[in-house]
Amino acid sequence: MDRRNFLKVSAAMASSVTVIGAGSVMASSASTSGIIYSAKDEGQWKGKNGSHAPAIHIDGSNVHVMTRHGMSEAHFIVRHTLVDAGGTVLGAKTFSPTDKPASTFTIPGGYRGKLTATSFCNLHDLWVTEITVN
Ligand SMILES: [Fe+2]
């Protein structure tokens, strides 16, 4: 993906996060199909969910995000973010091809509600996983 397409997808993601914050549209809705991918909507990247949708593990107030994806100069995970139900970005981490695609973010104490983790692959676009903290 060239820089122009990356920016296009990033802009689409930003507008989608706003919509998600309004609580009216889920990340895998028809309006984001082909822009944002998930386990439920692999779109053109059918079969790539396991290596692209971020895995989320919560340990107290720490949220661990990992993408089970190889890392090389030609093909790597570029970035993770974690966004709360209100659309607030709780954290972001940008990777280089020599990094492990794993990140840890802190959520506010007592937080309840949806969390969305994003993982962006330089070849296979933007993937999201949503969980609910009860
Ligand atoms: Fe990929």
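Of all residues in the stretch 31-47, those being in contact (Cβ under 8 Å) with a residue 40 or more places away in the chain and over 14 Å from the mean Cα position of the chain (by Cα) number 1. For the stretch 106-134, the set of residues classified as in contact with a Lys or Arg (Cβ under 8 Å, 6 or more places away or on another chain) and under 25 Å from GLY70 (Cα atoms) consists of THR118, SER119, PHE120, HIS124, GLU130, ILE131, listed by residue number.
Count of the stretch 52-71 residues, restricted to those that are within 16 Å of the ligand (Cβ to nearest atom) and surrounded by fewer than 17 Cβ atoms within 10 Å (Cβ to Cβ), is 4.
Of the residues screened, ASP41 is not one that is at positive phi and surrounded by 17 or more Cβ atoms within 10 Å (Cβ to Cβ).
If the condition is being outside any strand (DSSP E or B) and either within 16 Å of the ligand (Cβ to nearest atom) or within 20 Å of SER72 (Cα to Cα) (or both), then the stretch 95-125 contributes PHE95, SER96, PRO97, THR98, ASP99, LYS100, PRO101, ASN122, LEU123, HIS124.
Screening ALA92, ALA74, ALA85 for residues that are surrounded by fewer than 18 Cβ atoms within 10 Å (Cβ to Cβ) and within 12 Å of the ligand (Cβ to nearest atom) leaves exactly one candidate, ALA74.
Taking each residue of the stretch 120-134 that is modelled with pLDDT of 95 or more and looking for partners that are near the ligand (Cβ under 9 Å from one of its atoms) and β-branched (Val, Ile, Thr) with beta-carbon atoms closer than 6 Å, six or more apart or interchain, yields CYS121/ILE77.
Taking the options GLY86, GLY113, name whichever one is over 18 Å from ILE35 (Cβ atoms) and touching a helix residue (DSSP H, G or I) at 6+ places or on another chain (Cβ under 7 Å). GLY86 is the lone residue from the list that is over 18 Å from ILE35 (Cβ atoms) and touching a helix residue (DSSP H, G or I) at 6+ places or on another chain (Cβ under 7 Å).
The values are calculated or read from the model by the stated rules, or taken from the named source; none is laboratory data. All values reported here derive from a predicted model rather than from experimental measurement. Glycine also receives a Cβ, built like all others from the backbone with ideal geometry; neighbour counts cover every protein chain displayed.
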